[in-house]
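The values are calculated or read from the model by the stated rules, or taken from the named source; none is laboratory data. As the structure is a prediction and not an experimental result, all values here were calculated from the model. Cβ sites come from the backbone with ideal geometry, for glycine too, and all protein chains shown count toward neighbours.
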Amino acid sequence: MGEWLGVPEWLAVTAFVIGGLAIWLTRGFVMLRRAHRRVAARRPNPTDAEFFAMMAQDCSPEAARFVWQQALIYIAPRLTPHPDDHLLDDLCIDDDDIDTDWVSEWADQRGVLQKTLPDWPKDWPLTVRNFARWLDLVPASAAA
């Protein structure tokens, strides 16, 4: 390939890989923005106070605040989390980030081992509301 371009082979391969990565990252960025625009067109962006009020019947204020702060890292400034948003499908948050980073940070904040957290209920979709409800399933005695 380098002979065709008149450059050393290693340089041609490096340029090819960098170009491919740039195209892949650009495509991901465009798809993410498009998905967030669809969500924004479908529902209002609640303020933090509105979000906490919507979550008040379902989870503790601590769990609601935790989910709010974690989700904003991924979706601000285009969106704010809504309780009915699906974390993967609507907000496009990587499931590995949720499974490892979010859960680990919650366990650390609560002073429990991550392996003591309950299993995810099979019939619950992975919405913002359900994730906060699940966080509150940590036994009170374990959190003390």
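Structure notes:
- Within the range 15-29, being more than 29 Å from Glu3 (Cβ to Cβ) and either of a type in the set (Gly, Ala, Ser) or in contact (Cβ under 8 Å) with a residue 40 or more places away in the chain (or both) holds for one residue alone: Gly28.
- Residues (closer than 12 Å to Ala71 by Cβ and either hydrophobic (A, V, I, L, M, F, W, C) or at pLDDT 95 or above (or both)) located in the range 89-124: Leu91, Cys92, Ile93, Ile98, Trp102
- Leu5 meets each of the listed conditions (1) under 20 Å from Leu135 (Cβ atoms); (2) outside the structural domain of Leu126 (by TED's automatic domain parsing) apart from (1).
- Whichever residue in the range 125-139 is over 17 Å from Ile93 (Cα atoms) and assigned to a loop (DSSP other than H, G, I, E, B) and, among such residues, is modelled with the lowest pLDDT: Pro139
- Filter result (modelled with pLDDT of 95 or more and either in contact with a strand residue (DSSP E or B) (Cβ under 8 Å, 6 or more places away or on another chain) or aromatic (Phe, Trp, Tyr) (or both)) within the range 65-86: Phe66, Trp68, Pro83, Asp84, Asp85, His86
- In this entry, Ala22 is excluded by the filter for residues that are outside the structural domain of Arg129 (by TED's automatic domain parsing), surrounded by 13 or more Cβ atoms within 10 Å (Cβ to Cβ) and farther than 14 Å from Phe131 by Cβ.
- Any hit, the range 5-23, residues being closer than 23 Å to Pro125 by Cα and assigned to a helix (DSSP H, G or I): no
- Scanning the range 40-64 for residues that are at pLDDT 95 or above, within 15 Å of Asp85 (Cβ to Cβ), assigned to a helix (DSSP H, G or I) and more than 19 Å from the chain's Cα centre (by Cα) yields a total of 2.
- Number of residues in the range 65-111 that are in a helix (DSSP H, G or I), under 16 Å from Val39 (Cα atoms) and without any contact (Cβ under 8 Å) to a residue 24 or more places away in the chain: the value is 2.
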